[in-house]
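Shown next, in structure tokens, is the structure this report addresses.
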Amino acid sequence: MGKLNSKQNHKERATQLLKTALGNPDAEFRDGQWDAIKEVCENHGRVLIVQRTGWGKSMVYFIATKILRESGKGPTILISPLLSLMRNQMAADAANNIGLRTDSITSENKPEWEDVTKRLLADQIDLLLVSPERLANTEFREKTLLPLVNNIGLFVVDEAHCISDWGHDFRPDYLRIARIINLLPPNSPVLATTATANQRVIDDIVRQFGDSLITLRGPLIRHSLSLQNITFPSKSQRMAWLADKLPKLEGSGIIYTLTIRDAKRLAEWLRLNGIEAYEYHSELKEIRPELEKKLMNNEIKALVATVALGMGFDKPDLGFVIHFQRPGSVVHYYQQVGRAGRKVDNAYGILLSGEEDDEITDYFIRTAFPPEEHVHAILDALEKAEEGLTIRELGRVANINYGNIEKALRILSVQQNAPVIYRDKKWHRTVNPFVIDRDMIDKIMAHRRREQKKMLEYIGTDKCLMEFLSEELNDPYAAPCGRCANCIGKPIIDTGYPENLVIKATEFLNRSDIIIEPRKKMPSYKNINKELLAEEGRALCMWGDPGWGDMIRKGKKAGNISDELVNAVAEMILNRWRPDPFPEWIACVPSLNRPELVPDFASRLSKKIGVPFRNYIIKVRETSPQKLMQNSQQQYQNIKNAFKLSCLPPEFKGPVLLVDDLIDSKWTMTFITALLRTKGSGIVYPMAIAVSTPSYYAPDER
């Protein structure tokens, strides 16, 4: 079709495009869709759409893009954290059906960036999806965005709540968006979309985008979704309930966990009980598209997912969304549970909550902003480095976790007069002064606490659950749904479970051994000599986990490791791990602080597994606890040359089990393994009762 010159043609053309995109000759616009398209296409206005998930926000910018392109306008730039959007088959089909040439520049297609940029600048792309993190790249801004700034046909900000400090999913890189919008010509249309913005967030978006921003709101209630809350304090109870109830639910769905660790264990538990369920989180980036496809095609019963399966995943017939733990905010919960029941008559949204929920949410809140001392340490280090520093170089001089260094730099770099800048692959200190806005941080932290409290209120409320969620999102259309457990006055799904499954789940949790992968590289990334590497090891549990994890925490505090733990470790070695070749002797990691604790444990373990123990390793200097060392370089320096080992007798040169009570960084095991191998020992198996990972509660990436 040729260029459109008449506004009168727009609605007719838009309706035609809608039918073509959906492959449905009877398709009609939902309330608000045409209004949004008209505002950006005819009035070149700025629009914020606040509509429930599944309403069709992507259809708005697809059709608007096509109309604007047919009118001779430039390409659409779509800023979105939804890396799954362009691999979502329905979205891809809709775009292809109307002839849109789409592409992306995200972390998933780095080899294609140069080619995509060339085609974009040659006007061969109609819609380009860009991840917000790319906005932090100076080269991308200067060589891709700036040459286009006067020719962008439509600028789209998807999941616009991410731009607000008050949003549940604030992302620092989104702060750059308002500055880019200010560079656009005054008549450049802008479209922002979200399903999870309350009035406070909307006001913040308007403040950043300008008073001309028009807000189009629709009802957030999902009439096909039946909600229910169930409190089971222990994980074993929740696992038993899920194993019993999932096979009885129609269709497929999502089970959300707050941590990667729980996603892994819960998925394995469900499979052990004959349920096709698979974990989904940021560590599985290569196979996530395949997992999404399996769920889309109903080839599996459920994905057990972290927030990595979040915004942008659209399966209209999703039968249930179950939360294994309680999210930290009503807004976050609404966004996730709203993935169910988009195009089915009945779907379930079940919130399970337990005793660990507050501890995890507290961790999220505490670590939302970098500590002030970290910020000053980073700025001081950059001040002294005329040539700038990489993140790893910063880690060498500052005892800060690499992730926290990156988080602090990202927040600092997006400020209006940024005190740091990324240039020539290094971070540099600018002349701009830095003053931390403590008042704003305190207000946001208090807001997060209020959100946490609201989730507790949601669990205990006797009013309509859907109405409660809608009111928290300031939905003017909030009303009783008539189908949640509170509305009908009885459970939608029975809350009972077989006691034998609880026992089985408890045993499973107590046997969830942890693989200890050996370190293979030095902090400099130089490979460690293969002859000095440890073998794959094992730990009985995670520090602080229910069962063994809690038992070792209490035992270590009391200075005594119980016989029950010794027996459990022996069973793990003999019945589940079964290292081959089997260790011929046991060594242990010495401590100057508690010299008897681990040798006593190793001695008792040796009797249980029938392998002699020899206390040959000596600690020659005191070290700080590795858990206080925040990155690999600090951990390496802390433990370097802290141990020595005399020559081994010939009878103790076979395979060795290297025992400790707790593993933090793995550098201690790495150094002692190298010592043992240098002195002529056989292969070394690292083994600990527990693994301590400070990042256990860390929120997963999208």
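What follows draws every value from the coordinates through simple rules; no lab data is involved. All values reported here derive from a predicted model rather than from experimental measurement. Here Cβ is always computed from backbone atoms with ideal geometry, including for glycine, and neighbour counts include all displayed protein chains.
Between beta-carbons, use under 13 Å as the cut-off and find the net charge around Arg677, counting Lys and Arg +1, Asp and Glu -1. Neighbourhood net charge equals +1. Mind running the shape call on the range 511-697? Use the C-alpha gyration tensor, a ≥ b ≥ c as the square roots of the eigenvalues: rounded below 1.5 for a/c, prolate if a/b tops b/c, oblate otherwise. The shape class here is rounded.
In plain terms, the chain from Leu645 to Thr461 could stretch by 60.0 nm, reckoned as 0.36 nm per residue minus the Cα-Cα distance. Estimated from the Cβ-Cβ distance and a Förster radius of 60 angstrom, the FRET efficiency linking Arg511 and Asp424 is about 0.70. For the range 376-528, evaluate the Debye formula with one uniform point scatterer on each Cα (no solvent term) and list log10 I(q)/I(0) at q = 0.08, 0.21 Å⁻¹, rounded to two decimals. Result of the Debye calculation: -0.56, -1.27. Residue order for Thr231, Thr138, fewest other beta carbons within 10 angstrom first, comes to Thr138, Thr231. Electrostatic tally near Asn187: other residues with Cβ closer than 13 Å to its Cβ, Lys and Arg +1, Asp and Glu -1, net 0.
Once you reduce the range 362-438 and the range 235-259 to the center of their Cα atoms, the two points are 41 Å from each other. In loop segments of the range 310-385 as defined by DSSP, the GluC sites (Glu not before Pro) with at most 15 further C-beta atoms inside 10 Å of their C-beta are Glu355.
What residue among Gln16, Thr106, Ala485 has its Cα farthest toward the positive end of the dipole of the chain, where the charges are +1 on Lys, Arg and -1 on Asp, Glu, each on the Cβ? Comparing the listed Cα positions along the dipole, Thr106 ranks first.
Sparse packing (at most 12 other Cβ atoms within 10 Å of the Cβ) combined with a DSSP loop state is found for the following chymotrypsin sites (Phe, Trp or Tyr not before Pro) in the range 415-513: Tyr477.
Do any GluC sites (Glu not before Pro) in the range 601-702 lie in a DSSP loop with no more than 16 other beta carbon atoms within 10 Å, and if so, which?
Working: sites: Glu622, Glu651, Glu701; in loops: Glu622, Glu701.
Qualifying residues, ordered by number: Glu622, Glu701.
With a simple spin-label model that places each label point 7 Å from the Cα along the Cα-to-Cβ direction, the separation between Glu250 and Lys293 comes to 2.8 nm.
Annotation: for a label point projected 7 angstrom from Cα along Cα→Cβ of Thr390, residues of the range 519-562 with backbone N closer than 14 Å are 522-527. One way to sum up the overall shape of the chain is the equivalent ellipsoid from its Cα gyration tensor, whose semi-axes run 49, 32, 22 Å, largest first. Once C-alpha pairs closer than 8 Å and six or more residues apart are averaged by separation and normalised to the residue number of the range 108-254, the relative contact order reads 19 percent. Contact order for the chain, expressed relative to its length and based on alpha carbon pairs under 8 Å spaced 6+ residues apart, stands at 12 percent.
The Cα center of the range 260-289 and the Cα center of the range 588-638 differ in position by 33 Å. Normalised by the number of residues in the range 365-436, the mean separation of alpha-carbon contacts (under 8 Å, six or more apart) gives a relative contact order of 32 percent. Measure nothing but the geometry: give the 0 to 90° angle between the long axis through the Cα atoms of 57-70 and the longest principal axis through the Cα atoms of the chain, rounded to 10°. Helix 57-70 sits roughly 50 degrees off the main axis of the chain.
The angle separating the long axis of helix 499-510 from the principal Cα axis of greatest extent in the chain is about 70 degrees. Taking a straight Cα-Cα cut-off under 24 Å and skipping sequence neighbours fewer than 8 places away in the same chain, the lysines within cross-link reach of Lys463 are Lys453, Lys454, Lys490.
Once you order the gyration tensor axes a ≥ b ≥ c over the Cα atoms, which shape class does the range 365-436 get: rounded for a/c under 1.5, otherwise prolate or oblate by comparing a/b with b/c?
Taking the square roots of the gyration eigenvalues as a ≥ b ≥ c, the range 365-436 is oblate.
With angles folded into 0 to 90 degrees, how steeply does helix 8-22 sit against the dominant principal axis of the chain? Use alpha carbons for both and round to 10. Its long axis makes an angle of about 40 degrees.
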